[in-house]
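Peer 1: Take this structure first; my questions come after.
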Amino acid sequence: MIPPLNVTDDAVRLLQQRLDTIQHITQTGDWEWSLEDNHLRWSRETCRIFGIEGECDHPTIESLLIRVHPKDRSQLIQALRQAKNGTPFDLKHRIERPDGHFCVVRSCGSVLMGTHSAPETVIGTVQDITRQEQQVISDQVINRIIAASLNPVSMEEIFSEILGIVFSIPWISIESKGAIFLNDPHNHCLSLASQIGLSDHLLTHCASIRHGTCLCGLAAETREVVFASQLDERHTVRFEGMHQHGHYCIPILLGDMLLGVLNLYVPDGHNRCPEEERVLTTVANTLASLIDRKRKEHQLELLARYDSLTGLPNWITFTQQIEQWIHSRPQPAPFAILFIDLDHFKAINDILGHKAGDALLELAAKRLQQCLRKEDFLGRKSGDEFVAGIRIDTSDRARVVAQKIVTEMSYPFNLEGREGRIGASIGIAMVPHDGVQVEALIKKADTAMYYAKKQGKNGFAFFSDEMQSFAIKHQRLAALLQRCVPTMEGFEVYYQPQVNIESGELVGVEALLRWNRPDNQERVPPDLFITIAEEANLMISIGEWVLRESCRQAARWKAMGFPTLRLGVNCSPKQFRDPHFPDTVQRVLEETLINPRNLELEITETAIEGREEEQLADGIRRIAEKHIAIALDDFGTGQSSLKRLRTLPIRTLKIDKSFINGFLSAEEDCAIVTGTVGLALNLGKVVIAEGVESETQRKALLELGCDELQGFYFSPAVNAAELEKLLLQNLFIIHHARLKDSLTHHQAHGWHARDLINDLF
Ligand code: C2E
Ligand code: CA
Ligand code: CA
């Protein structure tokens, strides 16, 4: 129960007590300023708010004003002046307490008129609204920081905006000086990301701060707020002329992870204030989520725009850049687009493994970059394909750069101690000469690259319209092939003899496919249509047809009474990888009654060298188990290991014709041929030299110990009817040889040669 009021001393005391309590609860004090004697009366709560309890007895308006924050003082003076004239006021301002802290108050004042209607007293209230204000302002600050963080500008710019926002907090007692550091966990240091007001000295001293060093380093190491009211012994960064100051160093933490440190200056002697610290910690937390988000965005951006292996711009980024170059104003400068494809990369990847393949791509990217200038633009398209935009200042810069790349790429790469050799084929499209449409230009460069590859790799080619028509022709051919393969329309098997190098006796034939396009009867080069058929996955059915067709033909020859020949049939690696292939071969042999020992399936050396060719090796083994011979075709063009040669059941090595071609003139080819023949003989393999075109070649190969030859010197591939003529000739050779043998025999036994000839014919 509240006691009834009596106007007694006790009652006044009680009333005063009650008023004090209410003021304390509501954090609202009152004051009364007598205009007559300038005397000021403060309530106890007002004194508390101003933080000056001891001096409460004789305050003056000046002693009040002196506590008001200098920046707010004039508006309060103005308000008091107006109050004297009868205008009440209601305003917010800051108070500077003797302990150095600020608080925010709402001050209201009104005038009381005296007996002569003259202003006599100004009475007012002062309410401590620091808490509410802090909450409102920190909310505002956080909102502003979040808004700033959404700006599409760099993180550094956002940081500096955030520092500005922090400095604008009215009640925070900091100097407008500070910095944001980012953590570098690998090097255990902080690096300066943004700052406001730091002197040049500081910029150099604080560019990088080790964890544990100076106040920021301490905050980084302890992950706790470090406060200093002055330059103490922990502040190890010192230089001459450094002014006295203190700091708040607040770790920027995301959970347990240190992302950086927020560093703010406070005036010398400043007291640590929990309110300030709370708001600054909230700022640091907001910074943490901002940094985290920006980093994730950055990573996504990197993923989206850059190739993760080489760090080069990816395809999208590259085309965007080229698009920009094309549309640059006022006039686009001429440039070239280089389409760069690494030669033999697949072999490295297969033989040395994916890790080595990746390492090679990284090194190749670096080498490519070194061939270019700063203003050029290099990107990775996919796999072993790179693209480059080259600024053209001299007419032959594209040529010079392309040549440089080809040369650089031909040097071996060191892949963790192992040597990897590749090359590069480059296609070049010139802008604006070859067009101004990105897609079309890159397609043209690609077409030119394809052409360079076809020309024997490790070179470059400028795009030309002929290439375009070649590419179109290629596409048309692919479509035509698709249509013809189901019925094998226009296909015919030719046979090229393989003869004993010594006697010239025909010991085998290689089935070689021919295709006359049904639309114009033109003969398409086998290398061309077979490549297209490989690309179009048609080789399994084509291969099966060739096998059946040639076995049938061999059966016919057998039926005609010709001596049995070995039949060589080329097979695509895809066939060997096909698990049904051995059964297919078996079926064909059974159908045609061909002895498996008379069939030899050829596979190119490059097809077997891969590490992941176990499936293919397995196919080869399953074929060999059926007593069918295997020949390694185009031997010398690949990089097959000795181990492979030993472990795979290979009967024959066919030395590639490119080496035979140069073997009497080029030292390198000679070494390859000599080495191969020696190796084959050591491994107990049959050696066939392909592409033998002259007697000199035959003789030299014979001397080396080669077993058989195949080449125009004896006969090109011919159709079945032509081959029959050769078979007849062969009969003569066989008989001639036998005749020679018998002659020696008969001579030894005193018989007459004529009897023998009669015997034979
Ligand atoms: P290949 O298996 O290396 O066949 C040997 C090639 O060398 C044949 O080319 C043949 O005509 C040619 N040749 C033979 N002797 C000489 C010579 O003295 N000098 C020169 N310059 N060349 C000679 P062709 O018939 O054009 O076949 C090219 C390639 O097409 C073959 O190379 C083979 O890889 C592929 N091919 C042909 N028929 C088939 C087939 O039925 N299946 C598969 N998978 N590939 C085939
Ligand atoms: Ca062959
Ligand atoms: Ca060959």
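The values are calculated or read from the model by the stated rules, or taken from the named source; none is laboratory data. Everything numeric here is computed off the predicted structure, so don't read it as measured data. Every residue, glycine among them, receives a Cβ derived from its backbone with ideal geometry; neighbour counts consider all protein chains shown.
Peer 1: Looking at the range 656-667, I want the residues that are over 18 Å from Gln639 (Cβ atoms) and assigned by TED's automatic domain parsing to the domain that holds Ser694 and have a partner that is modelled with pLDDT of 90 or more and within 10 Å of ligand 3 (Cβ to nearest atom) with Cβ atoms under 9 Å, at least 6 apart or on another chain. Which pairs are those?
Peer 2: If the second residue must be modelled with pLDDT of 90 or more and within 10 Å of ligand 3 (Cβ to nearest atom), the pairs left are Lys657/Asp634; Lys657/Glu690; Lys657/Gly691; Lys657/Gln710; Ile660/Glu690; Ile660/Gly691; Asn661/Gly691; Phe663/Ile655.
Condition check ((1) among the aromatic types (Phe, Trp, Tyr); (2) outside any helix (DSSP H, G or I); (3) closer than 19 Å to Leu642 by Cα; (4) within 16 Å of ligand 1 (Cβ to nearest atom)) across all residues:
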| position | (1), (2), (3), (4) |
| --- | --- |
| Val677 | no, no, yes, no |
| Ile688 | no, yes, yes, yes |
| Thr696 | no, no, no, yes |
| Ala700 | no, no, no, yes |
| Phe712 | yes, yes, no, yes |
| Pro716 | no, yes, no, yes |
| Leu723 | no, no, no, yes |
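Peer 1: Among the numbered criteria (1) within 20 Å of Glu614 (Cα to Cα); (2) more than 40 Å from the chain's Cα centre (by Cα); (3) away from ligand 3 (no atom under 15 Å from the Cβ), which single criterion is violated by Ala671?
Peer 2: The failed condition is (1).
Peer 1: Now for a separate question. What strands (runs of 3 or more DSSP E) completely inside the range 448-542 contain at least 1 residues that are farther than 23 Å from Gln553 by Cβ?
Peer 2: Counting at least 1 such residues, we get 460-462.
Peer 1: Pick from the range 434-482 the residues that are closer than 22 Å to His327 by Cβ and in contact with a Lys or Arg (Cβ under 8 Å, 6 or more places away or on another chain): which of them is surrounded by the fewest Cβ atoms within 10 Å (Cβ to Cβ)?
Peer 2: Within the range 434-482, the match that is surrounded by the fewest Cβ atoms within 10 Å (Cβ to Cβ) is Gly435.
Peer 1: Just to be sure before I move on: is Lys558 modelled with pLDDT under 95 and within 10 Å of ligand 1 (Cβ to nearest atom) in the structure I sent?
Peer 2: So Lys558 fails the test.
Peer 1: From the list Val105, Val111, Val166, exactly one residue is surrounded by 20 or more Cβ atoms within 10 Å (Cβ to Cβ) and within 46 Å of the chain's Cα centre (by Cα). Which is it?
Peer 2: Result of the check over Val105, Val111, Val166: Val166.
Peer 1: Shifting gears a bit: Select from the range 553-584 the residues that are of a type in the set (D, E, K, R) and in contact with an Asp or Glu (Cβ under 8 Å, 6 or more places away or on another chain) and list them in ascending order.
Peer 2: Selection gives Arg566, Lys574.
Peer 1: Being hydrophobic (A, V, I, L, M, F, W, C), under 19 Å from Ser160 (Cβ atoms) and at pLDDT 95 or above is the filter here, so list the residues in the range 245-283 that pass it.
Peer 2: Cys249, Ile250, Ile252, Leu259, Val261, Leu262
Peer 1: Give me the residue from the range 133-171 that is out of contact with any Asp or Glu (no Cβ under 8 Å at 6 or more places or on another chain) and among the small types (Gly, Ala, Ser) and, out of that set, nearest to Glu276 (Cα to Cα).
Peer 2: Ser138
Peer 1: At pLDDT 95 or above and away from ligand 2 (no atom under 14 Å from the Cβ), is that true of Gly490?
Peer 2: Against the criterion (at pLDDT 95 or above and away from ligand 2 (no atom under 14 Å from the Cβ)), Gly490 qualifies.
Peer 1: State which residue is farthest from ligand 3 (Cβ to nearest atom) when the search covers only the range 651-661 and only residues that are within 41 Å of the chain's Cα centre (by Cα) and not polar (S, T, N, Q).
Peer 2: Taking the candidates together, the pick is Phe659.
Peer 1: A further question on this structure: Any chance the range 627-635 includes a residue that's more than 16 Å from ligand 3 (Cβ to nearest atom), touching a residue at least 12 places away in the same chain (Cβ under 8 Å) and under 24 Å from Arg552 (Cα atoms)?
Peer 2: yes
Peer 1: State yes or no: is Val673 more than 14 Å from ligand 2 (Cβ to nearest atom), free of Cβ contacts under 8 Å to residues at least 60 places away in the same chain and in contact with a Cys (Cβ under 6 Å, 6 or more places away or on another chain)?
Peer 2: No: the conditions fail for Val673.
Peer 1: Just a yes or no: is a residue in the range 495-508 aromatic (Phe, Trp, Tyr), surrounded by 15 or more Cβ atoms within 10 Å (Cβ to Cβ) and within 16 Å of ligand 2 (Cβ to nearest atom)?
Peer 2: There is at least one residue in the range 495-508 that is aromatic (Phe, Trp, Tyr), surrounded by 15 or more Cβ atoms within 10 Å (Cβ to Cβ) and within 16 Å of ligand 2 (Cβ to nearest atom).
Peer 1: Still on this structure: Can you tell me which condition Asp578 does not meet? The list is (1) more than 16 Å from ligand 1 (Cβ to nearest atom); (2) farther than 25 Å from Val687 by Cα; (3) not hydrophobic (A, V, I, L, M, F, W, C), and all the others hold.
Peer 2: Going through the list (1) more than 16 Å from ligand 1 (Cβ to nearest atom); (2) farther than 25 Å from Val687 by Cα; (3) not hydrophobic (A, V, I, L, M, F, W, C), Asp578 breaks only (1).
Peer 1: May I ask you to list the residues in the range 683-723 that are within 16 Å of ligand 3 (Cβ to nearest atom) and more than 18 Å from Leu506 (Cβ to Cβ)?
Peer 2: If the condition is that a residue be within 16 Å of ligand 3 (Cβ to nearest atom) and more than 18 Å from Leu506 (Cβ to Cβ), then Lys685, Gln697 are the ones that fit.
Peer 1: Within the range 630-657, work out how many residues are away from ligand 1 (no atom under 15 Å from the Cβ) and touching a strand residue (DSSP E or B) at 6+ places or on another chain (Cβ under 8 Å).
Peer 2: 6
Peer 1: Taking the stated definitions as given, is Asn516 farther than 22 Å from Ala720 by Cβ, without any contact (Cβ under 8 Å) to a residue 40 or more places away in the chain and surrounded by fewer than 20 Cβ atoms within 10 Å (Cβ to Cβ)?
Peer 2: Considered against the rule, which asks whether it is farther than 22 Å from Ala720 by Cβ, without any contact (Cβ under 8 Å) to a residue 40 or more places away in the chain and surrounded by fewer than 20 Cβ atoms within 10 Å (Cβ to Cβ), Asn516 comes out as no.
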